[in-house]
Structures are given as structure tokens and as C-alpha cells.
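Okay, so here's the structure we're looking at.
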Amino acid sequence: MLQTEPTIQELEEWREAYARTRTEPVPHFDPADAGSAARVLFLLDSPGSNTVTAEGLGFVSVDNPDQAAERCWNERNEAELHDGILQWNTVPFFLDGAEPTPVQTIAGVKALKSVMGLLPRLEVVVLCGTFTKAQWAKHMGAFTRPTVIKAPSPGGKALISKKNQEDFRKAVRRAKGLVG
């Protein structure tokens, strides 16, 4: 099974330990993603409702049945950006559609810093959405290693605008250009 791949296993071990510290559900890393071998991190706001199902926790994945996942998959596919990808969230636990509180935001940023430490090959971070871009600017400025690309959110109302659709497409293609 893909979840036993060493590059995913390391992140899943981190997720298991982190989930024990939270009361909110923390979805799994997508076992089809690059895991700790990721060169590109797509960073979204927080897990959507499709990451938690009646069967339990799901994955942060482009295979989820929602608009953001579909948009991410389509744009990555069109740009031929298939390898070396990891998708995760600024606030990595499920909020059931609520906005994160300041305490939840800080907890999410601390978790993100921990995850970033597990990504030694990371070259590019695509910041998707206003919240993610603001939190990166506020809390993650010390990270100089990856190239940062700012993009609109891939889902919901953000991509009603043709300009936002094109800006997201350009961000994905820029990421592809940087990692080949």
C-alpha cells in the first residue's frame, strides 16, 4: 500500500503524533503524493468537508470530490506537474467550515513549520488563498529556502473571476517551470 512508502510514512508518523494533540480531526497526507520527497508544496487554507467522511478521516488530496481538488488536479495536469508534489494546509485540522481562531491559526503555523522541516527537497511553495498568503507573510518569513509563488484559492468563490482562474493557472505553470 502507498501509505507504507518511506516518503509518506515519515509524514504519516508526524500526522499521527500531531493528531493526538488535537481535538479536531487531522486528515492524512495523500499517499499518492511525493511525501517527504516533495519539491513543490501546494499550501491551502484548511481541510475541506470532503476530507472527513462518514467512513472517517480522508486525505488532503487532488482526488477529493470538490471544486478545489478538481481545479488543482486539472491545472497540475495541464502543466504536466505530476511528480514531486505535496498538498497540505496552513491549518491542518478540520474546522467544519468555520474560520480558524487566532489560537488555531498559531497551532496550524507551528504544525506547518514542523512539516516543512520534513521536506528536505522542497524548492517551491504555492500559497493558495488570501488566508494562507497572510499567514505565510506573518509567520513564515524566516523560511528562505523555497521559492514562494502566490496564487488565488483554487476553490469556491475565488475562481469565479476569470482573472483568478488565470492567476492560478500561471502560478502552477511557474512552479512547473522552476522544478522542470
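Checked against (1) touching a residue at least 60 places away in the same chain (Cβ under 8 Å); (2) within 16 Å of D33 (Cβ to Cβ); (3) surrounded by fewer than 17 Cβ atoms within 10 Å (Cβ to Cβ), E123 passes all but condition (3).
Quick grid of which residues meet (1) in contact with a helix residue (DSSP H, G or I) (Cβ under 8 Å, 6 or more places away or on another chain); (2) open to solvent by 60 Å² or more (accessible area, probe 1.4 Å); (3) of a type outside the set (S, T, N, Q):
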residue	(1), (2), (3)
Q9	yes, yes, no
E12	yes, no, yes
R20	no, yes, yes
L43	yes, no, yes
S49	no, yes, no
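Condition test on P102, is it of a type outside the set (V, I, T) and open to solvent by 70 Å² or more (accessible area, probe 1.4 Å)? Yes, satisfied. Taking the criterion of being in contact (Cβ under 8 Å) with a residue 60 or more places away in the chain, open to solvent by less than 70 Å² (accessible area, probe 1.4 Å), of a type in the set (K, R) and part of a helix (DSSP H, G or I), would at least one residue in segment 160-180 satisfy it? Scanning segment 160-180 turns up at least one residue that is in contact (Cβ under 8 Å) with a residue 60 or more places away in the chain, open to solvent by less than 70 Å² (accessible area, probe 1.4 Å), of a type in the set (K, R) and part of a helix (DSSP H, G or I). Among residues of segment 37-60 that are under 19 Å from V109 (Cβ atoms) and of a type outside the set (G, A, S), those with a Cβ under 6 angstrom from a residue that is at pLDDT 90 or above and open to solvent by 30 Å² or more (accessible area, probe 1.4 Å), sequence gap 6+ or separate chain, pair up as D45/F131.
It is to be established whether one or more residues within segment 25-42 are in contact with a Cys (Cβ under 7 Å, 6 or more places away or on another chain) and either in a helix (DSSP H, G or I) or modelled with pLDDT of 90 or more (or both). Yes, there is a match, as at least one residue in segment 25-42 is in contact with a Cys (Cβ under 7 Å, 6 or more places away or on another chain) and either in a helix (DSSP H, G or I) or modelled with pLDDT of 90 or more (or both).
The values are calculated or read from the model by the stated rules, or taken from the named source; none is laboratory data. In this text the structure is predicted, and so the values were computed from the model without any measurement. Using ideal geometry, Cβ is built from the backbone for each residue, glycine included, and neighbour counts are taken over all protein chains shown. With ligands, DNA and RNA removed, areas are computed over all heavy atoms of the protein, side chains included. Shrake-Rupley method; radii C 1.70, N 1.55, O 1.52, S 1.80 Å.
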